[in-house]
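Shown next, in structure tokens, is the structure this report addresses.
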Amino acid sequence: MSLGDCQVNCQHLLEYLKAKPFAYHDEMQAFLSEEHELEISETTMTRVLERIKYTRKVVKPCPYQILMQDRSSAKHEKEAKF
């Protein structure tokens, strides 16, 4: 497999993860196996995800940001009624 093939497979894996962001490693392995006839171990899958800097960490707004967003939404709703 050439470097170009690896980049194409990583791109397809990223597209798959956009559609299924909470896929397990075995599901990702099955996708690569079925779509690209590529058999890799779970360890290799972990390394690939690290290499493409894929993480499942989610940034959540703090309570103050949520409060301010709610107030802003309520203000816009009141303005829309007039």
Assign one of three labels to region 14-53, namely rounded, prolate or oblate, based on the Cα gyration tensor with a ≥ b ≥ c the square roots of its eigenvalues; rounded applies when a/c is under 1.5, prolate when it is not and a/b is larger than b/c, and oblate otherwise.
oblate
Need the full-extension length gain, Tyr24 to Arg56, defined as separation in residues times 0.36 nm minus the C-alpha distance. One decimal, nm.
10.4 nm
Using a 7 Å offset from the Cα along the Cα-to-Cβ direction at both Ser41 and Ser73, what is the distance between the two label points in nm, to one decimal?
4.8
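Coordinate-derived values only; no laboratory data. Quantities reported herein were computed from a predicted structural model and do not represent experimental measurements. With ideal geometry, Cβ positions are generated from the backbone for all residues, glycine too; neighbour counts draw on all protein chains shown.
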